[in-house]
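Structure, as structure tokens:
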Amino acid sequence: MVVDFGVTVLARGLSGTGLDGIGHYSNELFKALQNIPSVDLATYSFGFPINQHILGIPTHQLSRFTLELARSTVFPWRGLKSNIRCSQVDLIHATDHLIPFVKGVPLIATLMDAIPLSHPEWVNNNAFRRVKIELWRQMAKRADRILTISQYSKNEIVNHFEIDPSRISVVPLGVDQRFFNHIKKGDREKILGKYGIENEYFLTVGTLQPRKNIERILEAMRILPEYIRKSHQLVIVGSQGWGSESLIYAIKKAEQEGWCKWLSYVPDRDLRSLLQSATLLVFPSLYEGFGLPVLEAFASNTPVVASNTTSFPEVAKDAAILIDPLDPSNIASALSRVVENKELAEMLVKKGLARANEMTWQRCAEDTFTEYKKVVEEYV
């Protein structure tokens, strides 16, 4: 089966901006699909050239997606069929929300979540953005099948995209093997020294934006008994995002008080070292389509405190302490429990590792291939 695989966001990330969640998904799924003998991958990118040596195969470059979208809106009968190689492939997989106009070949689109529609207050919601989001919603309806990453996301897509649930399949994400690989204690200590981390710490990971709910972690830290706050810093890994001005002010104040450290972006190996050395990962996000950092912490033998809402219960199951993300006292109580109860921490590590072992990228690729076969067989 020849699959034309969208790599636009991946190409942009590899060009120097760094991989976001969609780029990471595209990258890991692309690599895992190559291990399935029945899949022959081709790739296309809207507007971003990609070096053949990066993915190992040449990428068909199209014009920028916004131009293609405008042209297809003005000339709907033309679409993109002259640019995407429909006659040369068995299926097209739009992995990155950039869903093309195609004819004569089945189309699968991956939608991670419905955040711009369900919570417009969490995105830059200007007039241009609103038009773009509505076009995205309409484009998604053209796909023969939608793949999404959790049952929670499926329910959100049904509600906000108005797509029949029978056309949506859930294929959970995976955790990469590198998070299972143990980094020697001495090497981890060098990385901690590089960032000036001397004591034990709680770790949180994610772009600084409202839905990540980092403000309430700061509030929870202030509620903690003083001896825990003195012995356990809060280490924040995440670049500045939209709507984060007041949060950054609060973080800098906490840094001045000595119990918080903001590292912004860190390289991958450093992040894995930070995960493996942390007392726990605290991740009280208000909305996640999946919440991959939870699995990455599980694979790193690190206890997790996470939200009890959206996708977290189905991803974490009983391997994490699930808390009310709107209640700082509930977050603080969970942090204290892990610090003070070593048996609880050990149990969370054991259950978390077992859960991570169930969720691999190869399993994700095999489940995705199953969906490919169904769509090709059903396509008329």
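The values are calculated or read from the model by the stated rules, or taken from the named source; none is laboratory data. Everything numeric here is computed off the predicted structure, so don't read it as measured data. Methodologically, a virtual Cβ is constructed for each residue, glycine included, from the backbone with ideal geometry; neighbour enumeration extends over all protein chains shown. Calculation scope for accessible area: heavy atoms of the full protein, side chains included, ligands and nucleic acids excluded. Shrake-Rupley method; radii C 1.70, N 1.55, O 1.52, S 1.80 Å.
Some values worked out for this structure:
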{"read-out": "Helices (runs of 4 or more DSSP H) (entirely within region 236-328) containing at least 2 residues that are surrounded by fewer than 20 Cβ atoms within 10 Å (Cβ to Cβ) and either in contact (Cβ under 8 Å) with a residue 40 or more places away in the chain or charged (D, E, K, R) (or both)", "value": "245-257, 268-277"}
{"read-out": "Single match in ILE157, ILE146, ILE191 (criterion: surrounded by 18 or more Cβ atoms within 10 Å (Cβ to Cβ) and not in a helix (DSSP H, G or I))", "value": "ILE146"}
{"read-out": "Selection status of SER273, of a type outside the set (Asp, Glu) and within 17 Å of ASN199 (Cα to Cα)", "value": "yes"}
{"read-out": "Among (1) within 29 Å of THR207 (Cα to Cα); (2) in a loop (DSSP other than H, G, I, E, B), the one test that SER38 misses", "value": "(1)"}
{"read-out": "Single unsatisfied condition, ILE197 versus (1) modelled with pLDDT of 95 or more; (2) not in a loop (DSSP other than H, G, I, E, B)", "value": "(2)"}
{"read-out": "Of all residues making up region 160-185, the number that are touching a helix residue (DSSP H, G or I) at 6+ places or on another chain (Cβ under 6 Å), more than 30 Å from ALA354 (Cα to Cα) and either modelled with pLDDT of 95 or more or open to solvent by 10 Å² or more (accessible area, probe 1.4 Å) (or both)", "value": "2"}
